Structures are given as structure tokens and as C-alpha cells.
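Colleague: Next up is a structure, given as C-alpha cells.
The values are calculated or read from the model by the stated rules, or taken from the named source; none is laboratory data. All values derive from a computational prediction rather than experimental measurement. Cβ: placed from backbone, ideal geometry, glycine included. Neighbour counts: every protein chain shown.
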Amino acid sequence: MSSRGWYPGHMLVTQKAIRELAPYLTAFIEVVDARAPELTRHRPLASWIGRTPLILVMNKSDVADPAVTAAWVSWYETQNITAVALTASSQDAKGKLKAAITKRLKPPYRLSVVGLPNLGKSTVLNRMVGKNRVRTGGKPGVTRGPQWIRLDDGWEWLDLPGVVTPSKSRDWRLALLGVVPLDPGDAELIASRVWQLYYPQADDEGWVEWGRSRGFLVKGGAVDRQRAADAVITGFRTASLGRLSLEQPGDAAP
């Protein structure tokens, strides 16, 4: 699997902005993927934000295993971390996050949304401000610079580009989740690993025959492996193959 580093220059700007703005913010809202909340956290962030409070948003909970997500929320509570599970694109996301913020923090509310790329940070922010004032997209790195949004109710939101470290970019699960670019040459290997997660007792090449059953064929009747692998990855991402989490609280360090 490719081990190429992926660290756009604008992310260095984000690091500097976080360090400089932390003392003036009420809290940071860190967005992670509910299917792998620890993997998708940005470890250096804790040292950057200092004493500024942090609330963890476990986004995309609609495609994660609900029992595992509930276990994560409880586990984070034992770690004195406020965590809220939601799906940023859903209508109830704003209410859930606002309730978590007002329960823990007092006004004025001056907040910043941070996290690894492509986890739904801009979607969270759009939901909270009520209008699509922040660009969203399906490719890492859509947000390119700090963006302040000041609302009539006195709340202030700061959107920052995603932050990611070169070492983390080598984990295949981050490519599966869309945090870093997926190398087409890795699709078959990732499909095999995903298939084993769904069907632990099955052959890790079971997805190939699944592709045949779906009619993913090339001339001569052979399975179109690339198309089948891509379909497995899409099936995980959309939960059409079932809601699946990649981490459980027992995997996390105490």
C-alpha cells in the first residue's frame, strides 16, 4: 500500500492559527468519524489548544454500528471528554450539538471547528450557522483558509482547514474513510479487509464472487475486480452493506 505523505502547505497555516487563537476561543469542536473516533482524532491538537475546552463530535453516526457508538460516548465520559454522536447532514444535528455546548460552557460562544480533512467539519458548521456559507466537498482539503462566521445571536464560529500528519496518512482505514486520497491500486486490498470485517469467517476474496453476483464482469465473463472493489468500499461508506465501526473502546489506550 502506498506510503506517500500527504501534508498540504495550508495545513501548516492551520497549526499556527490554532495556537494563536486558542486563548481567545470558548472551545474547540473537534470532528471525528464515529466509525473510528480515536483513529480520526488529531493527537497534536491537545498541545496546540492548551486549556481551551474541547467537545468531540462523532460525525456520520448513521453509518456506524449504533451499539459501538453508544459505547464510545460512555467511554469518553469516563475520560472526562464531552462527546456527542450525530450526523451533520441531519435536521437534529444542530440541536444535539448546541445542547452539548450550552450544557458544558457559558457564553460568550466563540467556537472553532477543527479536525482531520473530509470528516464533515464544514457540514457541521453549515448546520450550526443555518446557511451554506462554507464550501463543502468530497475531496480532502476543500477548506483552504480560516473563515469567521458571526451570527446575530452573538455566537461566533471559526472554520479552519483540516489537519493531518504524514504518519497517519499511511493507515489504510483513513483511505477507506476518505480522510486521505485512496490510491486505486489499493482498492482490492482494502476491499478484502473490509469484507473480512463484515464476514470474519468468510474467504477474504469473497467480495470477488459478490461482484460476480452483481454483474460486475468484463469481456469473457471474468469479474471486473476494480469495479467490485470500488463497490465494496462504497458499500461500507454508505452502509448499504451494513453499519460497521472500525474501532471499539476496548481498542483504545486507557
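Colleague: Right, Ala88: in the same structural domain as Ile149 (by TED's automatic domain parsing) and part of a loop (DSSP other than H, G, I, E, B) or not?
Modeller: Answer is yes for this residue.
Colleague: Let me ask something additional. Would you confirm whether any residue within region 4-24 is in contact with a strand residue (DSSP E or B) (Cβ under 6 Å, 6 or more places away or on another chain) and either over 20 Å from Leu111 (Cβ atoms) or modelled with pLDDT of 85 or more (or both)?
Modeller: Among the residues of region 4-24, not one is in contact with a strand residue (DSSP E or B) (Cβ under 6 Å, 6 or more places away or on another chain) and either over 20 Å from Leu111 (Cβ atoms) or modelled with pLDDT of 85 or more (or both), which makes the answer no.
Colleague: Right, next: Every residue in region 107-119 that is at pLDDT 90 or above, touching an Asp or Glu at 6+ places or on another chain (Cβ under 8 Å) and not aliphatic (A, V, I, L, M), please.
Modeller: The answer is Pro108, Tyr109, Arg110, Ser112.
Colleague: Can you go through Gly220, Gly211 and tell me which one is loosely packed, with under 14 Cβ neighbours inside 10 Å and either in contact with a Leu (Cβ under 8 Å, 6 or more places away or on another chain) or not assigned by TED's automatic domain parsing to the domain that holds Val31 (or both)?
Modeller: Going through Gly220, Gly211 in turn, the sole match is Gly220.
Colleague: Would you check if there is a residue in region 63-80 being surrounded by 15 or more Cβ atoms within 10 Å (Cβ to Cβ), touching a strand residue (DSSP E or B) at 6+ places or on another chain (Cβ under 7 Å), closer than 29 Å to Asp153 by Cα and assigned by TED's automatic domain parsing to the domain that holds Trp157?
Modeller: no
Colleague: Also: Filter region 51-62 down to residues that are at negative phi and assigned to a loop (DSSP other than H, G, I, E, B) and give me whichever is surrounded by the fewest Cβ atoms within 10 Å (Cβ to Cβ).
Modeller: Arg51
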